[in-house]
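Q: Okay, handing you the structure first.
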Amino acid sequence: MVIRKLAVLYLAGLISVRAGAGELSEADFLADLPVVLTASRLVQPLADAPNAVTIIDRKLIEASGYHTLTDLFRLVPGMFVGQKTGWFHNVSHGFVDEYPHRMQVMVDGRSIYLPSIGGARWDTLPLAVDDIERIEVTRGPNAASYGANAFTGTIHIITRDPADVAGRLLRIVGGDQRHGEGWFRWAGGDERLRQRVTLGLRQDGGFVHQNDDEFSRIFSYRGDLALGRGGGLSLQAGLLTGTRSNGKASNPTDQPHDQLVDSRFFQVDYRHEAEPGRMLLAKLYYNGLDTREDVPTLLAPGAYFDVDLLSERWHGEVQYDLELGQDLRASLGGYLRRDGVRSQTYFNSSDKLTAGSAGAFAHLEWRLAPAWLINAGVFLEDYELVDGVHLSPRMTLHWQPSTRHAWRLGVSQAYRNPVLFETSGYYQLTLLDSAGTPLFAARPFYISSGNLEPERMLSQEIGYLGQWPELGLGLDLRLFRERVSQVVDVVCPSGVSADCKPGGNPLYLARDWDNGGSTRQWGLEFQLKAQPRAATQVWVNYAFLHIDSHFGERRYSPPQQAGLHVQQRLPGEIELMLSHYWVSAFEPIGQGPLPAFRRLDLSLSRHFRWFGRNVRLGLTGQNLGGNYVEFSDEVPDNLYDRRWYLHAQMDF
Amino acid sequence: MARMIRLFVLGLAWLLAMPAHAEGMVHILLGDPGPAYQEAAEAFRAGLGGRRPLRVWNPAELNAAQLQVLSRGGDLLVPVGLKTARMLAEQHGGRAPVLTLLLPRAAAEQLPWPASLPRNRVSHVYIDQPAARTLGLLDMAFPNLRRIGLVVSDENQSQVRQLLQEALRRKQELVVETIDSADGLAPALRRLLPTVDALLLVPDSLAINSGNAQNVLLTTYRYRVPVMGFSQGLSKAGAIASVYSSPAQIGRQGAQMAVRWLHDEGELPPAQSAGEFSLAFNARVGRSMGLAMPDEADIRRKLGARDE
């Protein structure tokens, strides 16, 4: 799709040959083939996109050797990747937060943003890295395309078509910290129905000094059904269940225990291209994450806190793309959504709380002249929990003086709707006895007054994309200025000190949120790609951010981040990739100061045929330098040490 | 006396104007009525420029008996297209020289000419492009696409050898997957596409043909691997660039070969591709894949292509 990219699934294409392939003739040269890659099938050229976009494709995913999805985002300029625990991953583009509220994350167009507390629980995605075709990361606000919460960036993961992975695959990974993975995938079918089934087991020991083990059972399915001329239906479903170790023996109110995780989704996509240039896309999905956690304590024999949390999202949308002549393309659509949460501890209610929202969008891509292009888009949204209807417009002007150079000037307004915990939260721990009877209720830690407006961002940016193919060079540069107002910030009741303990009283008062904050920031990001030789590729990433914050968090994002990645193909089908990252000191939201750190990762893999099977063996080293502090300033809990992993996979 | 001299001069002029090979005529055999065949025949006729009597045989006039009669004479027979060429090969009963137009090389090499017909009396203007031209276009237009994939069956082995030599000369890396059945195509593409910068399509009855080109294009696009095609139709459908010769260009090449042969009265010139060729680009697909599309006019000029 253009302008707004839903997962355009190729529901009608499968490798097949004409029955009884006949003799070659001049007809094979002279045939007037229909346009296969129609405009609506093509992804928008990066130079025409209204944002800076980084693509992590299949080749890069394999070369990186990363088996954890979030590690792949280290390849994106300005993206911070960290782990608070072995299983709690954090990916943020600006505003580094334990629960990154300000980025939209999608898998095949399905938002996996948690409506309860925000962010994505990456460890609960029923998704194998091997099933990912590519990842498109938009750096900067994108609310005009994807609505509120596509505030500082958008991650869109696109999974592999069953036709591209036909056959059976077995993959195992093992390494330090008791890391182990086993995956089996089957994919196949015929021209009418293609299917893919993936089963996986994953375990990990997390940080050396933390009780943060992970164990997951994963199932995912995708079936693509061709419905005849230009039409198709895709059905996806997934399930992840498992345990996450939590708590600490030294903490009397949070003793070691397991969080039980149950994550599931289903998704239906319908696509119909009645004629070239007219495409209808419809989508319906459900996401649910149920975490059950009984936290044992030493306060009374058998006493525990119940911190269960259920987050759900139902979403339906329709999109219509049309070409209005050679130079004008449009996309129109709308969605209806219902979010639901349930948690006695987080929301002080055993009932499910729901929040509805509806939105409509329109986009236009207009080529004024061969070198000039305008992208204009608007997203209109009505969210039940905030007053009024909010409009996220964007306009970009593109100047492409040649096929090698493209400039982009853009201005946009984006909103970030508060999550349900911010609008309706009432966080109170209640001590239960072994029979589940309340013994004692602690003072509420958060009570939301519910008077929140969406955060608002005004953004201006200049982008440049340059290519020098004869030198093997490509440059993606983004210079931006953003002003965020009505920042949702945690506050104590008026007149109370910053720790919410009035007059030195050890008993705290419940925290609330307000829209009192604002911040201004400007910065630049670039990615330079070089291919000095056919077998060598080099990426240089750099991001600089200046923050002028007027709310409780002053250093919420690293002022500088840099990355150098070198990929080398060696004789004998051996691939080598070395990645070096450097992140300057900063202070993630809600955390203590984090010192600057470096990290060096290595991946070495070899592909070969063995008894007619495709085999790939790999060795991955992570953080080959010294230990560094990861995400949280808790030392030694969050010391990231050196880790080695071995991978083996075979098609059969 | 003056009249005698005038007659002598006129006679001399007539003799000088006569081609060296004074006998016979050219028969264009059109077994197919399609516009592409007509275009090739018209270009051939124009290229011959009336140097020799020429007759165009239409599908309705061509039958086995007629072809047998024609093949017993000394006239040059020019079948246009594989169907007509095969019909002629099967019915050829004499020593009439044959110059085919529009045939794929792999198909031309399989025609069942009678043993009695000397091989130097059969030649072709292939519809295929020489390796140097195809890889030259890739090299010049997309210099950073160095690792090039190719899927073929055994019928294209000679073409593969030429491509490998040319790739070596140009410091391109050619990765070849050979398949022995149509079922092998999908796995071959799955193996190849993740490892290459571009896929070169070479017409092949098992691997790539008009019947499966659409699906191959969809698959390559999913892998974001640009495709180099071999026809205008493929570029329209989704190949980022194609080098091809139009039927008219092939017809003109045929006429040049016929004129040369008529002058030399010897062997037919060797089988060859048309000297003239055209380029087709699909900038929309190329840009969607993030490629820097070349200046098409510049590439045409450098490669010596004609605008069609």
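Q: Please compute the Cα-Cα pair-distance distribution of chain B with 10 Å bins starting at 0, giving whole percents from short to long.
A: The calculated distribution, bin by bin, is 6, 25, 28, 21, 13, 4, 2, 1, 0.
Q: Moving to a separate point now. Aspartates and glutamates near B:Lys236 by alpha-carbon distance under 13 Å, same-chain residues fewer than 8 away left out - which ones?
A: Excluding near neighbours in sequence, the set is A:Asp32.
Q: Whole-Å semi-axes of chain A's equivalent ellipsoid, largest first, each the root of 5 times a Cα gyration tensor eigenvalue? Could you put the intermediate results ahead of the total?
A: Values: eigenvalues 315, 179, 137 Å².
Equivalent-ellipsoid dimensions as semi-axes: 40, 30, 26 Å.
Q: Starting with the fewest neighbours, write out A:Asp131, B:Asp295, A:Asp387 ranked by other beta-carbon atoms found within 10 Å of each beta-carbon.
A: On the way: A:Asp131 23, B:Asp295 13, A:Asp387 10.
By the 10 Å Cβ count, ascending: A:Asp387, B:Asp295, A:Asp131.
Q: List the lysines whose alpha-carbon lies under 17 Å from that of A:Lys59, not counting same-chain residues fewer than 8 positions away?
A: A:Lys529
Q: In square nanometres, what is one fourth of the surface area of the convex hull spanned by the alpha carbons of the range B:43-138?
A: For the range B:43-138, averaging the hull's shadow over all directions gives 7.3 nm².
Q: Still on this structure, I have one more. Shielding of B:281-292 by partners, i.e. mean partner chain Cβ atoms within 10 Å per residue?
A: 6
Q: What is the distance, in nm, between label points placed 7 Å from the Cα along the Cα-to-Cβ direction at B:Ser116 and at A:Arg643?
A: If labels sit at B:Ser116 and A:Arg643, their model points lie 8.2 nm apart.
Q: Take every Cα pair under 8 Å in chain A that's 6+ residues apart, average their separations, divide by the length, and report that relative contact order as a whole percent.
A: 11
Q: For A:Leu564 and A:Asn451, compute 0.36 nm times the residue count separating them, minus their Cα-Cα distance, and round to one decimal in nm.
A: 36.2 nm
Q: State, in angstrom, two size descriptors of the range A:304-355 derived from its alpha carbons: Rg to one decimal place and Dmax to the nearest whole number.
A: 19.7, 66
Q: Does anyone have the angle between helix B:82-91 and the longest principal axis of chain B? Alpha-carbon axes, 0 to 90°, nearest 10?
A: Tilt relative to chain B: about 50 degrees.
Q: Also, I was wondering about something else. By per-residue mean of other Cβ atoms within 10 Å, what is the highest-first order of A:30-37, A:138-145, B:166-173, A:481-488?
A: Peptide ranking by packing, descending: A:138-145, A:481-488, A:30-37, B:166-173.
Q: Using alpha-carbon positions, what is the distance between the centroids of the range A:583-625 and the range B:86-108, in Å?
A: Here the answer is 62 Å between Cα centres.
Q: Sorted by mean Cβ packing within 10 Å, highest first, what order do the peptides A:629-635, A:399-405, A:433-439, A:238-244 take?
A: A:238-244, A:629-635, A:399-405, A:433-439
Q: As a footprinting exposure proxy, order A:Trp87, B:Trp113 by other Cβ within 10 Å, with the fewest listed first.
A: Final ranking by Cβ density, sparse to dense: B:Trp113, A:Trp87.
Q: Expressed as a whole number of Å, what is the distance separating the alpha-carbon centroids of the range B:165-198 and the range A:290-305?
A: The range A:290-305 and the range B:165-198 have Cα centres separated by 60 Å.
Q: Helix-derived [θ] at 222 nm for chain A: sum -39500 (n - 2.57) over DSSP H runs of at least 4, divide by residue count, nearest 500? Display every interim value, and only then the final one.
A: Numbers: 5 runs with 24 residues, N = 652.
Per the formula, -500 deg cm²/dmol.
Q: What does the helix-only formula give at 222 nm for chain B: each DSSP H stretch with n ≥ 4 adding -39500 (n - 2.57), the total divided by the residues, and the result rounded to the nearest 500 deg cm²/dmol?
A: After summing the helix terms and dividing by the residues of chain B, the value is -13000 deg cm²/dmol.
Q: Follow-up. Give the cross-link partners of B:Lys302 among the aspartates and glutamates, using a straight C-alpha distance below 14 Å as the criterion and excluding same-chain residues fewer than 8 apart.
A: Cross-link targets: B:Asp139, B:Glu276.
Q: To continue, here is another question. Would you mind telling me which residue in B:Gly238, B:Gly34, B:Gly73 has the biggest mean-square fluctuation in a Gaussian network model of chain B, where springs connect alpha carbons within a distance under 10 angstrom?
A: With Cα springs under 10 Å in chain B, the top fluctuation among B:Gly238, B:Gly34, B:Gly73 is at B:Gly34.
Throughout, read-outs are computed from the coordinates displayed, never taken from laboratory work. As the structure is a prediction and not an experimental result, all values here were calculated from the model. A quick note on method: Cβ atoms are made from the backbone with ideal geometry, for glycine too, and the neighbour counts reach across all protein chains shown.
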